[in-house]
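Below is one structure, written out as structure tokens; the observations come after it.
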2 protein chains.
Amino acid sequence: MAASVTAALLVIGDEILTGRTKDKNIGYIAEYLTGIGIDLREVRIVPDVEEEIVGAVNALRHRYTYLFTTGGIGPTHDDITADCIAKAFGVGIGHDPRAVAMLQERYQPGELNEARLRMARIPDGADLIENPISKAPGFRLGNVHVMAGVPAIMQAMLDNIAPSLKTGARMIIETIDATGLAEGNYAEGLAAIAAGHEGVTIGSYPSFTAEGFRNQIVVRGKDPDAVARAADAVRELLRRLKGDGAPL
Amino acid sequence: MAASVTAALLVIGDEILTGRTKDKNIGYIAEYLTGIGIDLREVRIVPDVEEEIVGAVNALRHRYTYLFTTGGIGPTHDDITADCIAKAFGVGIGHDPRAVAMLQERYQPGELNEARLRMARIPDGADLIENPISKAPGFRLGNVHVMAGVPAIMQAMLDNIAPSLKTGARMIIETIDATGLAEGNYAEGLAAIAAGHEGVTIGSYPSFTAEGFRNQIVVRGKDPDAVARAADAVRELLRRLKGDGAPL
């Protein structure tokens, strides 16, 4: 089986930590990476503070195959991500002529002022990530991919990045509805199945719906046969429990 | 001015990292804590893996006034948060008689099986956090508050915790609509205002709406006068720019 390809996500921005902006990127990126065979292993959200960003970038980029970041690459003074990435890597940063050319596609002569040119500040040695929506690019330096925070732009950048990423075996996920049974009734049987099936992880997820509590059991793994065997065992357990009249 | 009271949030669960479950707790907790005068400084999301949870708990609990966690306190084998907290603190863990009594309120005699009793496993020395919805309690150990992952239960637990928390001065947040101007036009003036107003932070947040790009400028701080002065300066800047016919 292919080795795992792993990733972390670093969300940068005071506005997420104050709750003013509700993040829409984490769930999207998690699902996207899982779908292409990259395991998202950790997410951090940090404020627009240089030492916090630099510290998180260096903690995460060494630990995982890839680090993705969102936020902080606009033209205003609180957009400090590019400078922080340069600092984390110990490289220089300046106006990248390729990025300036991209901005010139969007702005008329005379409009490309100093603030807008900040969006062309790219760490030395980085590749650009095209932004089809507002032109100001993201970039890749080493294994770090720096993307915008605005969801539509981030999503377009991720589509541009994806073909260049190494991917591993895709996670196979089987969801089995256990509504009508309580977690406490199937927990013991489920633990035995989990212990007896290597290479799969099994989770139980209760949630509230308009109709009341709903329980779902999720079997995950990268070996289709192992997932199928574990999922069959879970379905058999649920059938047995539903039939035996145990208290729910 | 009162000293800052700070917090971190640790979200525990594979299901968030695979994107299967979209987190609804981060934004809620961020807004809640900001509203009562606690500054959320960092968020991490980690999988249901003991060493990851223990490592994150110990990294975060020493750095901030409070650490809040969500997820992993149900009855199934993948619910390992309580054991990880005990390990992080180096204390024992066992069935807490107070927690057992709470579960006995919910379950009929004979229903309180071994799996359900797992929900009464509480680290030594912890205080319980009541769960009015499904009874299985959260707990507080030192400065760490352990809550459920199901949003409705987490929210009820947070309401129960809040009166016991130290709080600092509340963040005052003024939002100024800058739609009609481009970030690149006000970025330079905004940077000058930010540099000239101590004790406030100023952010600029573009977003897409059905009507196109929307820009909002947010002035934050704990001194009402300082926030008001900076917000006035921002409004004056925007008035000047809207009047002077600069390209948008």
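The numbers here are math on the coordinates, done by the rules we state, and not lab data. No experiment lies behind these values; they were computed from the predicted model shown. All Cβ positions, even for glycine, are placed from backbone atoms using ideal geometry, and neighbour counts span all protein chains on display.
Note on chain A: GNM, Cα springs under 10 Å; of A:T34, A:T81, A:T175, the largest mean-square fluctuation is that of A:T175.
Working note: 222 nm ellipticity from helices only, DSSP H runs with n ≥ 4, each -39,500 (n - 2.57), summed and divided by the residues of chain B, gives -11500 deg cm²/dmol to the nearest 500. Helix A:50-61 and the longest principal axis of the Cα set of chain A meet at an angle near 50°.
A P(r) calculated from all alpha carbon pairs of the protein assembly as shown, with 10 Å bins opening at zero, reads 4, 18, 27, 24, 16, 8, 3, 0 percent.
Phi angles across the range B:215-221 convert, under the Karplus curve 6.51 cos²θ - 1.76 cosθ + 1.60 with θ = phi - 60°, into 3J(HN,Hα) values of 10, 10, 10, 10, 10, 10, x Hz, Gly and Pro given as x.
With respect to chain A, whose longest principal axis is taken over its alpha-carbon atoms, helix A:97-106 is tilted by about 90°.
Positive contributions from Lys and Arg (+1) and negative ones from Asp and Glu (-1), summed over other residues with Cβ under 12 Å from the Cβ of A:A156, come out at -1. Under Stokes-Einstein, with the Kirkwood radius over Cα pairs as Rh, the value for the range A:172-243 at 37 °C and 0.692 mPa s is 268 µm²/s. For the rotation carrying B onto A, the chain B residue whose Cβ lies nearest the axis, with the distance in whole Å, reads B:R44, 3.
Within straight-line reach of A:K222, meaning a Cα separation under 24 Å, sit the following lysines at least 8 residues removed in sequence or on another chain: A:K166, B:K22. Looking at the protein assembly as shown alone, DSSP beta bridges between its own residues are antiparallel in about 60 percent of cases. Comparing B:I176, B:I122, B:I80 in a Gaussian network model of chain B (Cα springs below 10 Å), the most mobile by mean-square fluctuation is B:I176. Of the residues A:R118, B:R63, the one with the fewest other Cβ atoms within 10 Å heads the list, and the complete ranking is B:R63, A:R118.
Scanning residues 5 or more positions from A:Y66 or on other chains, those with amide H under 5 Å from its amide H are A:T6, A:A7, A:A8, with H placed 1.01 Å from N in the peptide plane. Charged neighbours of B:A187, selected by a Cβ distance under 12 Å, balance to -3 (K, R count +1; D, E count -1). So in the range A:6-164, what percent of DSSP beta bridges are antiparallel if you round to the nearest 5? So the antiparallel bridges in the range A:6-164 amount to around 35 percent. For the range A:70-75, putting each phi into the Karplus relation 6.51 cos²θ - 1.76 cosθ + 1.60 with θ = phi - 60° gives couplings of 10, x, x, 10, x, x Hz, in residue order, rounded to whole numbers and with x for Gly and Pro. Between the helical axis of B:183-196 and the longest alpha-carbon principal axis of chain B there is an angle of about 80 degrees. Projected label points at B:D225 and A:D223, each 7 Å from Cα along the beta carbon direction, are separated by 7.0 nanometres. Compute the FRET efficiency between A:R239 and B:A101 as 1/(1 + (r/R0)^6), taking r as their Cβ-Cβ distance and R0 = 35 Å, and round to the nearest 0.05. That pair, A:R239 with B:A101, gives E of 0.55. With a Förster radius of 41 Å applied to the C-beta separation of A:H62 and B:Q108, the computed FRET efficiency comes to 0.20. Here the Karplus curve 6.51 cos²θ - 1.76 cosθ + 1.60, taken at θ = phi - 60°, turns the phi angles of the range B:223-230 into couplings of 9, x, 5, 5, 5, 5, 5, 5 Hz, with x standing for Gly and Pro. Over chain B, the alpha carbon radius of gyration divided by the compact-protein estimate 2.2 N^0.38 Å works out to 1.26. Quick one: Debye curve from the C-alpha atoms of the range B:103-170, no solvent, what's log10 I(q)/I(0) at q = 0.13, 0.19, 0.28 Å⁻¹? Results for the range B:103-170 at q = 0.13, 0.19, 0.28 Å⁻¹ read -0.41, -0.79, -1.29.
Using a Gaussian network model of chain B in which every pair of alpha carbons under 10 angstrom is joined by a spring, one finds that among B:A152, B:A136, B:A82 the greatest mean-square fluctuation is at B:A152. Ordered by the number of other Cβ atoms lying within 10 Å of each residue's own Cβ, fewest first, A:M154, A:M119, A:M171 fall into the sequence A:M171, A:M154, A:M119.
Neighbour counts of C-beta atoms inside 10 Å place A:E15, B:E211 in the sequence B:E211, A:E15, starting with the fewest.
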